[in-house]
Amino acid sequence: MNLSDYSNTGSGLRNWQYQPATIKVVGVGSGGCNAVRTMVAAKINEMPNVQLIAVNTDKQALAGFDDGVVTIQIGEETTKGLGAGGNPEAGKKAVEESHEFIKAHLEGADMVILTTGMGGGTGSGATPAVAKIANEMGILTVGIITLPYSFEKEEKKELAKQGVLKLREFVDSLLVIENDKVFDERLSNDIKHKTYAQFLSIVDDVLLKSIQAITIIITHHGIINRDFADIKKTLSKSRTMYVSMGESLNREKSEECTNDGTLENAIEEALDSALNNPFVDGNNNIMEAKERMLVVIANPHAKGVLPLVKEALSKRGISGINSGWYQEEGLLINKIKIAIVAGGFETGDSNISYTEVGQIELQTLMPPEKIDPDRPAYLYNICPKFLKPYRKQSKK
Ligand SMILES: Nc1nc2c(ncn2[C@@H]2O[C@H](COP(=O)(O)OP(=O)(O)OP(=O)(O)O)[C@@H](O)[C@H]2O)c(=O)[nH]1
Ligand SMILES: [Mg+2]
């Protein structure tokens, strides 16, 4: 039995008496619904007590979902199933129209994770309205949302900001992911081969990993366990959060690694990648958080993992962290995953701005007249020749 086997049969490490809390992950609008599709592919909905819900005004965007996903078309009367047309007021009204229906689907949740791409009518207008319902039901409610690329329409960026500010009123905690961070030098080595759709799918993956970090901690039982109560303590009314899932590099061989330092290296790598999530701006120093927790996931035969993690943490000046240790049989013995969740940063509140440097680089990256933000993302190719100035500039 391991973390990737979510079936409810057989014996193993999980304590079957243990009833995990119920988490409902709600994707809103185009960005949120596509994030839900990524989560279906990663089988998040097969985890115990995790339910995926796709909410949209756009009927077409709700088609073709797997049986394991609840789809909710909101504002049937007000939007006629055609989307909110970039109008957040329409997104909000759609939720008001479907209030009771949404409420019924949120019933029974201990935690709601809302995810959306801010900038359109549904994402920016409906997400805060759904958060309000969850909040009024007394559910721990968090948002993991993205800001549009700086080359998207100015109007969208403004709507996104308004949407974030509104959402903050109703969530316990918020994680803001800047799409522009896809151009971070830590990620951009093969940027010239990527299309716009691929950039979006990188962001989908960031959303997925953040949600995985929370759901794994809550729904799985560890040798040293962390659970919903820990997540609640960390995120309840914390306003801002840092959530990240780091992994060690893939090594071909899976030989024993307790004596040759490979495990130490794997821990260092996983910890670095969990601590330095390039998509989350400003908040990366988890020592500035009021509460922080970590869960390390390793093969059951990897010995002495937690003391090694503690050593690696103290080397980085990190203390006061609630740690857990989970085992996953399917993992190679020299593979380590680390989930970090931290909540309550002093500096996180004004963090809804576009990085100036990122903007300059993006303008160089692609002339504005070449960009048609109305064109469907999947048809949109970023032409490699426009990437040259960016690459030159980033070498300076
Ligand atoms: N990561 C990711 N982001 C997306 C995707 N699709 C859209 N987005 C982002 O989400 C923002 C809003 O998407 P829209 O389709 O404009 O808006 P919407 O929320 O569906 O609202 P309406 O279309 O007005 O009903 C976009 O500007 C993108 O930044 C996607 O597939 N993945
Ligand atoms: Mg849309």
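Just so it is clear, none of the values below were taken in a lab; they were calculated from the coordinates. Everything numeric in this text was worked out from a predicted model, so none of it was measured. We place every Cβ from the backbone using ideal geometry, glycine too, and count neighbours over all the protein chains shown.
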Taking the Cβ of residue 29 as the centre, find all other residues whose Cβ is under 15 Å away and add up their charges (Lys, Arg: +1; Asp, Glu: -1).
+2
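Hey, which of these cross-link pairs are over 18 Å Cα-Cα: 93/166; 80/161; 93/132; 237/290; 24/80?
Where the Cα-Cα span goes over 18 Å, the pairs concerned are 80/161; 24/80.
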Counting Lys and Arg as +1 and Asp and Glu as -1 over every other residue whose Cβ sits under 11 Å from the Cβ of residue 320, the net charge comes to +1
Amide H of residue 83: which non-local residues (sequence gap of 5 or more, or other chain) have their own amide H closer than 5 Å, using H built in the peptide plane?
58, 59
Vicinal HN-Hα couplings computed from phi for segment 155-162 (Karplus, 6.51 cos²θ - 1.76 cosθ + 1.60; Hz; Gly/Pro x):
4, 5, 5, 5, 4, 4, 4, 4
Where nothing but the Cβ of Lys and Arg (+1) and of Asp and Glu (-1) is charged, how large is the charge dipole of segment 228-349 around its Cα centre, in debye to the nearest 20?
480 debye
Provide the per-residue ³J(HN,Hα) series for segment 323-336, in order, calculated from phi with Karplus coefficients 6.51, -1.76, 1.60 and θ = phi - 60°, each as a whole number of Hz, with x at glycine and proline positions.
10, x, 9, 10, 10, 9, 4, x, 6, 4, 5, 9, 10, 10
Work through the residues other than residue 342 whose Cβ is under 10 Å from its Cβ and net out their charges, Lys, Arg +1 and Asp, Glu -1.
0
5 Å is the cut-off here: which amide hydrogens, built 1.01 Å from N in the peptide plane, fall below it relative to residue 224, excluding neighbours closer than 5 in sequence?
325
Spelling out what I want: for every residue of segment 74-82, take phi, set θ = phi - 60°, compute 6.51 cos²θ - 1.76 cosθ + 1.60 (Karplus), and round to whole Hz; glycine and proline get x.
9, x, 3, 6, 6, 10, 6, x, 10
